[in-house]
Every structure is written in C-alpha cells, then in structure tokens.
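Shown next, in structure tokens, is the structure this report addresses.
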Amino acid sequence: MTPLFGKPFHYSDGKGFLHSLKEIFADEVYRFDTSSPAPFIIDAGANIGLSVLYFKRLHPRGRIIAFEPDPTIFDVLSQNVASCQLDQVDARKAAVWVEDGELTFFSEGSLAGSSEVDLRAQGQATVVRAERLKPLLQNQKVDFLKIDIEGAENAVMFDIEDELANVEHLFFEYHSVPGKDQRLGDLLNIASRAGFRYVINGPHGARLPFIDRKKRTFDLQLNVSCFRP
C-alpha cells in the first residue's frame, strides 16, 4: 500500500505498479476529451484500478464498468475503489469474452493474467466467470472503451464489430501469441470499418526480429488508440 493523491492505494506487485503508474498518469495513454458531463466508460482489464482512478480524476462524474477476472487482483481493485472513494464504479469479477459462461484463466500476479497463455508457465490456472461484452455496447453511447485483455482481444473485437458504431473512443492492446494467427491487420480493419482512425504506439517485441526467434509469451504487443475523425 502507498499513498496516492492523498488516499491509500493497494498494489499486488511493485514493478507492475510503477510501470502502470508511469503509463497511465505520466504518459496519459487513456486521456480523452468528451462533451458529455458524465461519460460512460468500460474498462475491460482494469487490474488493480489505476486506470479507474485515472478516469475518475479526469471525468469525476463518469460512470465506469470495470472488469477484472483474476480473483486476487480483483480483491485489490475492490479495495482501491473503496479506499479512494470512487463512486459510480461497477467492479465486476469477470473476464470480458464472446459469450457468458466460464473460462480457464492463468493468474500471473501482476499485469498480465490471461485466458490465452500461461505467462509464467506455472500452471496457476483457475476457472473464472466470463461475460459477453457485446450487449453492453448495444443501444447506448460508450464514450470510452478500453480493452486490455492479454490476447483475448483477438476474439472479442470480432464479436463486437457491429456495436463499435456506438463507441466514441476505443483503446485496445494488441497481443500476438506465438503459434497462433496474427490478427493485427484484421483488428485494424475492424476499427476502420467502424469509422475510426487509429494511432499505434508502444511496440514491444524482439529488437532483432529476423535473428531472435526465442519462444516468447507474446512476440508483439502494441497500444492502438482509435478515435473519430
């Protein structure tokens, strides 16, 4: 636990906390403007809640649905929502997915728990609740949709394509999983068909991709910010 903006803030991993603190509050990767006095924000992959805190400081009257499937990380998220006195935050212990049900989830203890890969190869698998994202986007405006779900975006983005017309700002983190088809081009086409322009930032991958072919958890990771022209 550490003080943050005058409130106690809990974290699960110091290195991950500092990484997210820089990305979210210093680099402001989620900063957006809106004419809505009370924007509706969906945070898929909220982790310990730094993004939720950032959104509430940026737009205090905003209404947020925050998804986090990892049971231990979700407990930290819930603590921070309470200790930071964040109102109008609906924290859901569930993975965003293409259908309601259950998923096998590999806990990692920090930023990168995933239903797609066992990031630490430790076999720390648990069954978590899954909630389909698509219905939340139907028949209402979503001012900001954040999707950071460690590879599952490669399925979810296809499922929500028809509803993206209702989304004003879209941020998704793309993950390329070794041994599986790379879908970045398809996901960018989905964004384009929905009327977005996009900017790609934050490449993480092999420095020498023609030489370095070591097995990696993700062989490419990108931040994609989509906005209306």
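Of note:
- √(5λ) per eigenvalue of the Cα gyration tensor, the range 1-88, largest first, Å: 20, 14, 13
- Placing pseudo-labels 7 Å out from each Cα toward the beta carbon at residue 31 and residue 158 gives an inter-label distance of 3.6 nm.
- Most to least packed among 86-92, 97-103, 61-67, 206-212 [average Cβ atoms within 10 Å]: 61-67, 86-92, 97-103, 206-212
- Inter-label distance, nm, simple model (7 Å from Cα along the C-beta direction), residue 192/residue 88: 3.6
- Pairs beyond 26 Å (Cα-Cα), from 22/146; 15/134; 134/180; 56/180: 15/134; 56/180
- Antiparallel %, DSSP beta bridges [both residues in the range 2-227], to 5: 55
- The range 169-229 and the range 2-63 have Cα centres spaced 22 Å apart.
- Potential extension, residue 141-residue 200 segment - 0.36 nm per residue separation minus Cα distance: 18.8 nm
- Dividing the convex hull volume of the alpha carbon atoms of the range 2-227 by its residue count gives 123 Å³ per residue.
- Calculated FRET efficiency for the pair residue 132/residue 227, C-beta based, R₀ 30 Å, to 0.05: 0.75
- Only helical runs count toward this figure. For the chain, summing -39,500 (n - 2.57) over DSSP H runs of n ≥ 4 and dividing by all residues gives -6000 deg cm²/dmol at 222 nm.
- Averaged over residues, the count of other Cβ atoms within 10 Å places the peptides 162-168, 189-195 in the sequence 162-168, 189-195, highest first.
- Near residue 149, the amide H atoms lying under 5 Å from its own belong to 173; only residues 5 or more places off or on other chains count, and H is placed 1.01 Å from N.
Computed from the coordinates by the stated procedures, all read-outs in this text should not be read as laboratory data. These numbers were taken from a predicted model, which means no experiment stands behind them. Virtual Cβ from ideal backbone geometry, glycine too; neighbours counted across all protein chains shown.
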